Amino acid sequence: MSEFAENIKKEITGLNPIEALTLLSDIFHDKIIFSTSFGWEDQVITHMIFTNNLPIKIFTLETGRLFPETYYVWNRTMEMYGKPIHAYYPKSELLEPMVNAKGPNSFYESVENRKECCGIRKIEPLNRALQGNKCWITGIRAEQSANRQFMDNVEWDEVHQLVKFHPIYSWTLDEVKDYIKKYNVPYNTLHDRGFPSIGCAPCTRAVQPGEDFRAGRWWWEDQSKKECGLHEVK
């Protein structure tokens, strides 16, 4: 971790998520941004930001392959809070040649094709969204996967050259659900049908009892390849 990130971690130690987000918004001003995919965790953080009128821009990656339920909760969230959620789309000059050459579902054919699709639909738009910012807020929790247990609530993102903060990193899933229920936060109903992690519709399925949190993502691949590159652990 960089010295700068270490100092930020010291600044927020002992603060609850809202206090930490408030302090970081004061430190970074208009250079702080939150990425949402409208899952449980992201909806909790969205509620914290919007109800406390924190000057943190919220954005999402509109891959073009999301579930109808995701679009519903996106629209419902904007209606409820009356605030914008900024969408970043894939670039047509990258997406169209891939689909024209390989078809719309080439990601099933190989890991390389899947990573190409993720790169065009998610990584490149993410890079544009983060450009010029100094702090990236995410909904990552430690218990979501084995890889994420070795992360920290404050990190230095070497690739994007910014501080990364996970405000509910230490929360359990029960705590997340309790918050959703207490504040009547809109959430994706796919969670009630066995989808703990929700991404693009063709690449996400429900998980079975006892399966890993991310077993439903890219289920046709080896377990070791369950990240798309947005939150790789270096």
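Here the Gaussian network model covers the chain, with springs between Cα atoms less than 10 Å apart; of K57, K181, K122, K181 fluctuates the most. Relative to the current alpha-carbon distance between I18 and V159, full extension at 0.36 nm per residue lengthens the span by 48.1 nm.
The distance from the alpha carbon centre of segment 156-209 to that of segment 1-60 is 16 Å, rounded to a whole number.
Provide Rg over Rh for segment 22-112; use the alpha carbon set for both Rg and the Kirkwood Rh (inverse mean inverse pair distance). Please list the in-between numbers first.
Details: Rg = 16.4 Å, Rh = 15.2 Å.
My calculation puts Rg/Rh at 1.08.
Angle of helix 40-51 to the longest C-alpha principal axis of the chain, folded into 0 to 90 degrees and rounded to 10: 40°.
Here the Karplus relation 6.51 cos²θ - 1.76 cosθ + 1.60, evaluated at θ = phi - 60°, turns the backbone of segment 104-112 into coupling constants of x, 10, 5, 5, 6, 7, 6, 4, 4 Hz, with x for every Gly and Pro. Taking every alpha-carbon pair under 8 Å whose residues sit at least 6 apart, the chain reaches a relative contact order of 23 percent. What percent antiparallel are the DSSP beta bridges of the chain, to the nearest 5? Here the share of antiparallel DSSP bridges comes out near 35 percent. Counting other Cβ atoms within 10 Å as a rough exposure proxy, the listed residues T63, T172 run T172, T63 from fewest neighbours to most. Backbone amide hydrogens, once placed in the peptide plane, bring F34 within less than 5 Å of K57, I58, F59, I137, excluding anything fewer than 5 places away on its chain.
Based only on Cα atoms, what Rg/Rh ratio does segment 112-174 have, Rh being taken as Kirkwood's radius? Rounded to two decimals, Rg/Rh equals 1.02.
For L126, L94, what ranking results if the residue with the fewest other Cβ atoms within 10 Å of its Cβ goes first? Working shown, then result.
Numbers: L126 20, L94 14.
The order, fewest Cβ neighbours first, is L94, L126.
Top mean-square fluctuation among A20, A129, A101, Gaussian network model of the chain, C-alpha springs under 10 Å? Checking each option, the largest mean-square fluctuation is seen for A101.
Using the Stokes-Einstein relation with a Kirkwood hydrodynamic radius computed over Cα pairs, the translational diffusion coefficient of segment 3-193 at 4 °C and a viscosity of 1.567 mPa s comes to 73 µm²/s.
Residue exposure proxy: S110, S35, ordered by other Cβ atoms within 10 angstrom of their Cβ from fewest to most, comes out as S110, S35. Exposed loop sites, defined as chymotrypsin sites (Phe, Trp or Tyr not before Pro) outside DSSP H, G, I, E and B with at most 16 other Cβ atoms within 10 Å, are absent from the longest region of the chain, namely 1-182. The stretch between D152 and L173, if pulled fully straight at 0.36 nm per residue, gains 5.8 nm over its current Cα-Cα span.
A simple rule links phi to the HN-Hα coupling: the Karplus curve 6.51 cos²θ - 1.76 cosθ + 1.60 with θ = phi - 60°, which for segment 210-216 gives x, 6, 4, 3, 9, 5, x Hz, with x for Gly and Pro.
Compute the signed sum of charges (Lys and Arg +1, Asp and Glu -1) over the other residues within less than 13 Å, Cβ to Cβ, of A101. Mind showing how you got there, number by number?
Numbers: positive: K102; negative: E96, E109, E116.
So the environment of A101 carries a net charge of -2.
Extension gain for the segment T51 to L94, taken as residue separation times 0.36 nm less the Cα-Cα distance, is 11.7 nm to one decimal. Rounded to the nearest 10 degrees, the inclination of helix 68-81 to the longest alpha-carbon principal axis of the chain is 20 degrees.
The numbers here are math on the coordinates, done by the rules we state, and not lab data. All figures in this text were calculated on a predicted structure; none of them were measured in a lab. Positions of Cβ are generated from backbone atoms using ideal geometry, with glycine treated the same way; all protein chains shown enter the neighbour counts.
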